[in-house]
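I have placed the structure first, in the form of structure tokens, so that the comments after it can refer back to it.
The values are calculated or read from the model by the stated rules, or taken from the named source; none is laboratory data. Please read these numbers as outputs of a predicted model, since none were measured by experiment. In this analysis, Cβ positions are derived from the backbone assuming ideal geometry, glycine residues included, and neighbour counts consider all displayed protein chains.
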Amino acid sequence: MGQLDYQEAWNIQVTTANDVRTGLIPNTLILLEHNHVYTKGRLSKDSDLLLTQQQFENLQIPVVETDRGGLITYHGPGQLIAYPIINLRAWGGPLKYVRALEEIIIATLTDFCINATTISGLTGVWVDNAKIAAIGVRISQGVSTHGISLNISTDLSYFENIIPCGITGRQVTSMEALTETQIEQPLVEQRFISNFAHIMELQLNNSG
């Protein structure tokens, strides 16, 4: 869907989730980029913001409260955002779903010769000690919203203004930082879609 403000994308998610829940449309996978934004999950703490409100305003980057799980993170250009709007009642429970999202991200990174993994007790996907993808979801009446963010060519300096996901002592990285080569985002999207369909055991029809 291109590059969207966070609130616009959230409105699309809400409408889509209602339509999936009522059976008006099938399960839907939304792919996009966000304009610069910091988003706070339900467990976020103000201490995870390392700048004052005025400093964030001076940067002209909004800090948005959300209803997803997890803590605070950054979204912006060069980052793949995937919002799977899935009726999980016929598929599986929340834990199985989060583990599947991690597996999809790891498979996608493997396609670009990046060896990623999970870390026990920490949600998301990591390369060595650095986080390359964040996961934050909400499941309401059996339907998922929110999803994943994968750093492709993201300007990692924006993470310095927060404690990403409330985790100290660990770095954030991106696909381009690891490979030291330019990576085309559409190629990552294609591999993500393929891995999503395979691991979720869902057939995808491109409508976007």
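Observations on the structure shown:
- For the range 62-69, the criterion of being modelled with pLDDT of 95 or more and out of contact with any Ser or Thr (no Cβ under 6 Å at 6 or more places or on another chain) is satisfied by no residue at all.
- Residue count, the range 118-135 (criterion: within 13 Å of GLY70 (Cα to Cα) and out of contact with any strand residue (DSSP E or B) (no Cβ under 6 Å at 6 or more places or on another chain)): 2
- Looking across SER144, SER153, one residue alone is modelled with pLDDT of 95 or more and in contact with a strand residue (DSSP E or B) (Cβ under 6 Å, 6 or more places away or on another chain). It is SER144.
- Selection count where residues are surrounded by fewer than 19 Cβ atoms within 10 Å (Cβ to Cβ), of a type in the set (S, T, N, Q) and either touching a Lys or Arg at 6+ places or on another chain (Cβ under 6 Å) or within 21 Å of THR154 (Cβ to Cβ) (or both), scope the range 14-52: 1
- Given (1) surrounded by fewer than 16 Cβ atoms within 10 Å (Cβ to Cβ); (2) touching a strand residue (DSSP E or B) at 6+ places or on another chain (Cβ under 8 Å); (3) not aromatic (Phe, Trp, Tyr), number of the condition GLU57 does not satisfy: (2)
- Residue in the range 52-71 that is small (Gly, Ala, Ser) and either touching an Asp or Glu at 6+ places or on another chain (Cβ under 7 Å) or over 23 Å from GLY166 (Cβ atoms) (or both) present: no
- Among the residues listed as VAL188, VAL137, the single one being within 14 Å of the chain's Cα centre (by Cα), of a type in the set (A, V, I, L, M, F, W, C), at negative phi and in a helix (DSSP H, G or I): VAL188
- Test: residue in the range 106-126 that is surrounded by 23 or more Cβ atoms within 10 Å (Cβ to Cβ) and in contact (Cβ under 8 Å) with a residue 60 or more places away in the chain: yes
- Taking the criterion of being in contact (Cβ under 8 Å) with a residue 60 or more places away in the chain and among the hydroxyl-bearing types (Ser, Thr, Tyr), the only residue of the range 75-105 that qualifies is TYR83.
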